[in-house]
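Beneath this line is the structure, given in structure tokens, with notes to follow.
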Amino acid sequence: MAKRRVHYVLSTHWDREWYQTFQDFRFRLVKMMDEILDGLDEGRLRGPFQTDGQAIILEDYLEVRPERREQVERYAREGKLVIGPWYVLPDEFLVSGESMIRNIRMGREVARFFGGKPSNAGFVCDIFGHNSQLPQLFAGFGIPGGFVWRGVNLYKTRHIRWIGADGTELPCYRFGKVGYCSYAIQVRHASFGTHRPFDKELHSAELEAYLQEEAAATETDTILFFDGCDHQPWDQEMYALLQERAAQEDASFEFVHTSLDDYLAEMLPQADRISTVLRGELREPARYHGDLDGHWLIPGVLSSRVWIKQDNAECQTLLCHWAEPFGALAHTALGTEYPQGFLNVAWKWLIKNHPHDSICGCSIDTVHEDMKFRFSQCRNIADRQTIEATTRIAASVSGELEDEALRVVAFNPLTSPFQETAELTVRLPKDWPMFNEFFGFEPKPAFRIYGPDGVEIPYQRIAQAMNRVRGHEITVSAPLQIPPTGYTALTVRRGEPGKPTRYPEVPGLATSERSMANEYLDVTIESNGTLTVTDKRTGKTYSRLLTFEECADIGDGWYHGPAVNDQVFASTACQADVALVHNGPMLTTFRIRTTMRVPDSFHFDTMTRADTFVEMTLDSTVSLRPGTDRIEVQTTVHNTADDHRLRVLFPSGADTATYLADSPFDVVERPIALRADNHLYRELEVETKPQESWTAVHDANRGLAVLSTGLLETAVRDLPERPIALTLFRGTRRTVGTDGEPNGQLRGTLVFRYWIVPLTGAPDRLHLFTLAKQLAAGLRTVQLSASEIGYQRVGNVPATAGFVQVEGPGVVTSLRYVGERLEVRLFNPTTEDGQATVRFLQPELTARFGTFQSVNLESVPLGEPQPCQDGAATVLLHPKQIVTLSFA
């Protein structure tokens, strides 16, 4: 019988910031890396060091030790430092799929920059569950195997075959009873920077016991000893003991110090021996398993410190839907520089906020305060590049603008046409004419708006702020038609002195002092602030929408902590103040101000909610516009209490046992009911689950979808009315490693945006993705005077034009230049094959992009170039398939 090879892999799991600050952890990192490099130099460390699946730790190290760069590069070239594939180890549900792709690309680029070959080990050792498309993402980089732990209850064997949403199979090693720390804890008795004093006899016995346990649990011949627990340095005494063991004559085992990549190379040819097959997302909570079991899913991070999730969503949207595509449009149409360098810097700032203990909101206050600066840098760069691109395009619209007119160019980030009313704020010169109603109580600037065809566009005056630094700021709602990933140029001209510029304000959409309706929906505001909505298409009515639910939260960044002695409050018993804010044919908005009286805190000494109540104001605007099937809501919460959770409820009335939610590159269907044996689990399954931007519940005749931006936790409650519960925030005092810190309570003003979409049956998934992108990205405008156009014009473009339109079942996640080629990434969220077409909308674009080819997630070609047909590329998208097309 051939010897079984035991692969010893030396690593460390390096949370960059968590219960200590980044700088505190880096102090320890530098000491650890000094020892690793010294060990390699002196020959005491005979095999490679795996950099925890992420590349950033080398950058962090070399900022302090720049004199050791040559060593790092030499050992990277020699394979003694195995780097990547990630830049940082992210959470898989709190960042977008596109962000994960850029993260892996960045990590692999850093590995190559140091002269090394990027690791092809799909390392996700400590992530709080795994999304359904990770197998396909790894396959897109040529990563053939994974290393997982959380979200999978598997104790008797060490391997799974994980089949992703599209059918991609990823053989995986599932870490043992204590996860990636199993070797460190079971053999070295080391954890979180501590270890038992070295005892050769004792540790030798522990090593042999661990070997037998792993050999019995491993279905393949190859066995893994992974030595990489949290912030663990190289244990040189145990390493010497292992070398002694390796030198012994053994008929059964051969020990080698290698890497995860070498382990996969020997394990994968025997993957057919793996008997356990799992499908889709891996989010099973922890079961009981003996007295040594470290697996926890940790699901509560979806709603911890919600501002982090909101800021991250904003930055991802700015980069993927504004800075990159409109930088590409400006480069293509006008020849301006594509700002790749700036975009790279912006992405790096953003991805530095994606380590799971950072983006999860489960660290100490100082860590999360540091994140604000990184978000700000990303936001500033992406916003500046968007302004540059859109301003150049706006200034280059052909045709002259008269001196006393203004050009306002509206931009649409959707890959489909925008044909709705939208709000625009125009800045008017202070010397433009005014008019007054009645006896001159309030002057109004007189102006008219004309479309690119010269036809006057009626508008509804929404608000005005007079005598600002740059003029009068007037907000209007107007019907706009903007091509896909394109723009429309409007001309604003001054009115005539003394003559009003008015348009019909009736019929408005308000039908009473607390109701409104359009072609599709009838909305009534009840006295308690909830909504009753009738869908005119089906005649179905939905009651008590916009009910707020408040309960105690005695948890922390990891978990929502329900209290035994809780009191759950609902806004259905509150009185609401209702005001009609806007009423017209373009937009009607009501303001609903609800005051809930809630306990001011939780008393941890008595484990009860406080008897002292405070007022928490919930100030919502609810809007309806013509021709749309949604209700737009913005809720401002003035949070005056501690230790609580706030959700908003939407009873659907759907007769169903499952619901849908979007996820990175996917739509997942989940059961509404919790598992029947939930009470037997060590870690309870919770009703709240992740979404990226929308959740939908339906039967054959009715249903609801709720869309949001930066709100990543929802549930469909297992109640007869099947209500969708959207978590707005959790306020908690517990912070890891402290006696409690204040910033997790989220005191102050919090703002949330979400849309309610009644359904007539199964939802159109593409429509929901489009609405979600519209909610997140909105429209942008650029306003220019004739003089400003003169010095910013760099070419000539039409008065209205589109860049790229996508037809068929393709959701676009990226549109940008990679080198000199335009790259478009899209995925099919449906369960059926479909033809997706990427179409260029201008003749010069058709002439420029004559061929296309599929490329992998690193932009490496997967086939021969194909000719575009009439300026379009059509590809077959299988269900849940991700495709990247490169155009030249």
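The values are calculated or read from the model by the stated rules, or taken from the named source; none is laboratory data. The model shown is predicted, which means the values in this text are computed figures rather than measured ones. Neighbour counts run over all protein chains shown; Cβ positions are idealised from the backbone, glycine included. The area values use the complete protein model at the heavy-atom level, side chains included, leaving out ligands, DNA and RNA. Shrake-Rupley method; radii C 1.70, N 1.55, O 1.52, S 1.80 Å.
Quick one: would you say Ala328 is part of a helix (DSSP H, G or I), surrounded by fewer than 23 Cβ atoms within 10 Å (Cβ to Cβ) and either in contact with a strand residue (DSSP E or B) (Cβ under 6 Å, 6 or more places away or on another chain) or on the phi > 0 side of the Ramachandran plot (or both)?
On the way: part of a helix (DSSP H, G or I): yes; surrounded by fewer than 23 Cβ atoms within 10 Å (Cβ to Cβ): yes; either in contact with a strand residue (DSSP E or B) (Cβ under 6 Å, 6 or more places away or on another chain) or on the phi > 0 side of the Ramachandran plot (or both): yes.
Taking the combined requirement at face value, the residue satisfies it.
Looking at the range 380-389, is at least one residue out of contact with any Gly (no Cβ under 7 Å at 6 or more places or on another chain), open to solvent by 20 Å² or more (accessible area, probe 1.4 Å) and closer than 30 Å to Arg747 by Cβ?
Pass one, the range 380-389, residues out of contact with any Gly (no Cβ under 7 Å at 6 or more places or on another chain): 380-384, 386-388.
Pick out the ones that are also open to solvent by 20 Å² or more (accessible area, probe 1.4 Å) and you get 380-381, 383-384, 387-388.
Adding the requirement that they be closer than 30 Å to Arg747 by Cβ leaves 380, 383.
Taking every residue of the range 380-389 in turn, at least one turns out to be out of contact with any Gly (no Cβ under 7 Å at 6 or more places or on another chain), open to solvent by 20 Å² or more (accessible area, probe 1.4 Å) and closer than 30 Å to Arg747 by Cβ.
One residue stands out among those in the range 234-251 that are open to solvent by 60 Å² or more (accessible area, probe 1.4 Å) and touching a residue at least 40 places away in the same chain (Cβ under 8 Å): the one that is nearest to Leu29 (Cα to Cα), which is Gln236.
Among the residues of the range 402-439, count how many are among the hydrophobic types (A, V, I, L, M, F, W, C), over 21 Å from Thr317 (Cα atoms) and either assigned to a strand (DSSP E or B) or at pLDDT 95 or above (or both).
Total satisfying the criteria: 8.
Scanning the range 37-46 for residues that are touching a Ser or Thr at 6+ places or on another chain (Cβ under 7 Å), over 19 Å from Leu264 (Cα atoms) and not in a helix (DSSP H, G or I) turns up nothing. If you take the residues in the range 10-36 that are among the acidic types (Asp, Glu) and assigned to a helix (DSSP H, G or I), which one is most open to solvent (accessible area, probe 1.4 Å)? Looking at residues that are among the acidic types (Asp, Glu) and assigned to a helix (DSSP H, G or I), I get Asp24. Given the structure, is Asp718 surrounded by fewer than 17 Cβ atoms within 10 Å (Cβ to Cβ) and under 28 Å from Glu687 (Cβ atoms)? When the stated conditions are applied, Asp718 passes them. Taking into account only those residues within the range 177-201 that are of a type in the set (Phe, Trp, Tyr) and assigned to a loop (DSSP other than H, G, I, E, B), which is farthest from Val736 (Cα to Cα)? Step by step, filter the range 177-201, then rank; the result is Phe198.
Does Arg374 meet the test of being modelled with pLDDT of 95 or more and out of contact with any Leu (no Cβ under 6 Å at 6 or more places or on another chain)?
yes
Ser363: open to solvent by less than 20 Å² (accessible area, probe 1.4 Å), touching a helix residue (DSSP H, G or I) at 6+ places or on another chain (Cβ under 9 Å) and modelled with pLDDT of 95 or more, yes or no? Taking the combined requirement at face value, the residue satisfies it.
When the range 857-873 is examined, which residues are found to be within 22 Å of Asp833 (Cα to Cα), free of Cβ contacts under 8 Å to residues at least 40 places away in the same chain and within 32 Å of the chain's Cα centre (by Cα)? Matches in the range 857-873: Leu862, Gly863, Ala872, Ala873. Looking for something buried (at least 17 other Cβ atoms within 10 Å of the Cβ), polar (S, T, N, Q) and part of a strand (DSSP E or B) - is there at least one such residue anywhere in the range 574-591? Scanning the range 574-591, I find at least one residue that is buried (at least 17 other Cβ atoms within 10 Å of the Cβ), polar (S, T, N, Q) and part of a strand (DSSP E or B), so the answer is yes. Going by what's in this entry, would Phe602 be described as aromatic (Phe, Trp, Tyr), under 17 Å from Ser620 (Cβ atoms) and open to solvent by less than 10 Å² (accessible area, probe 1.4 Å)? Taking the combined requirement at face value, the residue does not satisfy it.
When you check Thr738 against the structure, is it in a loop (DSSP other than H, G, I, E, B), polar (S, T, N, Q) and surrounded by fewer than 21 Cβ atoms within 10 Å (Cβ to Cβ), yes or no? Criteria met by Thr738. Quick check on the range 84-97. Is at least one of its residues of a type in the set (A, V, I, L, M), at pLDDT 95 or above and within 23 Å of Gln881 (Cα to Cα)? Within the range 84-97 (the criterion being of a type in the set (A, V, I, L, M), at pLDDT 95 or above and within 23 Å of Gln881 (Cα to Cα)), the answer is yes, since at least one residue qualifies.
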